[in-house]
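As structure tokens, the structure follows; a few thoughts come after it.
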Amino acid sequence: MNTLTTLRISAVIAAAALTLTGCAAAAEPAPTPPATSEHDGHGASGDTHGGHNTAANADAEASTVVTISDAWFKAAESGMSGAFGVFTNAGDQPITIVSASSPVAHMVELHETAENAGGEMEMREVTGGFTIPAGGTYVLEPGADHLMFMGLTEPLLAGAIVEVTVTFDDGTVLTFEAPVKDYAGANENYESEK
């Protein structure tokens with residue numbers, strides 16, 4: 001065999017080897033993405049104001065069991081404000097809101113409005129949280145139960161959009177956004193104010 005024939009045979013063998021390598025690589029199955037599981041407990045994610053998981057609660061799960069509608073915040077220049085809306089529990093077990101937080105307040109408490117010994121209406125922190133019955137709703141409204149934003153970090157002006165995250169007794173969360181509205185009612189005293 002001459003040198004030219006040897007080179008041609010070598011080229012054919014190299015081309016065949018590359019073709020077989022390419023076929024073998026194409027035959028390998030594509031990597032499978034990591035498995036994910038649905039949370040079957042309580043909690044929330046969706047709402048009419050853009051509910052979503054929050055980065056601050058990345059370890060907590062959200063599900064579609066609890067939603068909120070008609071959410072809004074009372075306008076305030078400083079100090080305190082309230083948030084209201086209707087929570088709906090589509091699950092088959094009751095679930096309790098145990099805490100809340102927001103970037104616009106140093107502290108958010110769950111409050112009720114009740115009559116004090118002097119017959120005046122006053123706001124006070126709720127112990128035990130707000131329990132949303134299975135298949136039912138829980139209403140937060142002025143002059144009644146509400147989320148109390150204390151130590152506002154910025155003015156809440158009408159038309160602004162505010163974010164709040166509520167945490168449930170099973171560790172799941174619901175983060176939602178809602179508009180700020182002017183509202184002149186619900187001027188009850190805070191129980192520590194005398």
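The values are calculated or read from the model by the stated rules, or taken from the named source; none is laboratory data. Remember, predicted model here, so these are calculated numbers, not experimental data. With ideal geometry, Cβ positions are generated from the backbone for all residues, glycine too; neighbour counts draw on all protein chains shown.
Here are a few things to note about the model shown:
- Residue within region 115-126 that is farther than 26 Å from E61 by Cβ, surrounded by 14 or more Cβ atoms within 10 Å (Cβ to Cβ) and of a type outside the set (A, V, I, L, M) present: yes
- Within region 147-181, tally of residues that are within 18 Å of the chain's Cα centre (by Cα), of a type outside the set (A, V, I, L, M) and over 12 Å from A75 (Cα atoms): 11
- Restricted to region 99-136, and to residues there that are part of a strand (DSSP E or B), among the hydrophobic types (A, V, I, L, M, F, W, C) and at pLDDT below 90, the residue that is nearest to L174 (Cα to Cα) is M123.
- Residues of region 155-170 classified as charged (D, E, K, R) and either modelled with pLDDT under 95 or loosely packed, with under 12 Cβ neighbours inside 10 Å (or both), total: 2
- Yes/no for G171 being in contact (Cβ under 8 Å) with a residue 60 or more places away in the chain and at positive phi: yes
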